[in-house]
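Since the structure comes first, as structure tokens, the remarks are kept for the end.
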Amino acid sequence: MDRLVDAGLVQRRIPPDDRRRVEITLTPRGRALAPEIIQAQQSMLAWGAQALTGHDVAGVLAALHAILRDSPLADVLGVTPG
């Protein structure tokens, strides 16, 4: 999140009525980039779907889960450590 803030793409705001919350909003620059980001995401998903056509998707996902399960990012990715 810090990198997005530093890049001027999002801004943080702490509401005065609840300082436990942090609101994140896109800046005008972030909103301008949103369509480009969405298009890139859609292109990557289409490429991935095409690349996996005819392959054992469940097996690929199981292998990725096994690899990520013990990674330092397991908690961030929501993967239960093994």
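Of note:
- Leu9 falls short on exactly one of the conditions (1) more than 16 Å from the chain's Cα centre (by Cα); (2) modelled with pLDDT of 90 or more, and that condition is (1).
- Selection status of Ala66, more than 27 Å from Asp2 (Cα to Cα) and assigned to a helix (DSSP H, G or I): yes
- Any hit, the range 41-60, residues being assigned to a strand (DSSP E or B) and among the hydrophobic types (A, V, I, L, M, F, W, C): no
- Total residues in the range 15-37, condition surrounded by 11 or more Cβ atoms within 10 Å (Cβ to Cβ) and in a loop (DSSP other than H, G, I, E, B): 2
- Within the set Val76, Val22, the sole residue that is modelled with pLDDT under 90 and of a type outside the set (Phe, Trp, Tyr) turns out to be Val76.
- Condition check for Arg69: of a type outside the set (A, V, I, L, M, F, W, C), touching a residue at least 12 places away in the same chain (Cβ under 8 Å), surrounded by 12 or more Cβ atoms within 10 Å (Cβ to Cβ) and touching a Pro at 6+ places or on another chain (Cβ under 9 Å): yes
- With respect to (1) assigned to a strand (DSSP E or B); (2) of a type outside the set (Asp, Glu); (3) exposed (fewer than 11 other Cβ atoms within 10 Å of the Cβ), the lone exception for Arg3 is condition (1).
- Within the range 38-58, being surrounded by fewer than 10 Cβ atoms within 10 Å (Cβ to Cβ) and either at pLDDT 95 or above or among the polar types (S, T, N, Q) (or both) holds for Gln50, Thr53.
The values are calculated or read from the model by the stated rules, or taken from the named source; none is laboratory data. Keep in mind it's a predicted model, so treat the numbers as computed, not measured. No Cβ is skipped: glycine too gets one built from the backbone with ideal geometry, and neighbour counts run over all protein chains shown.
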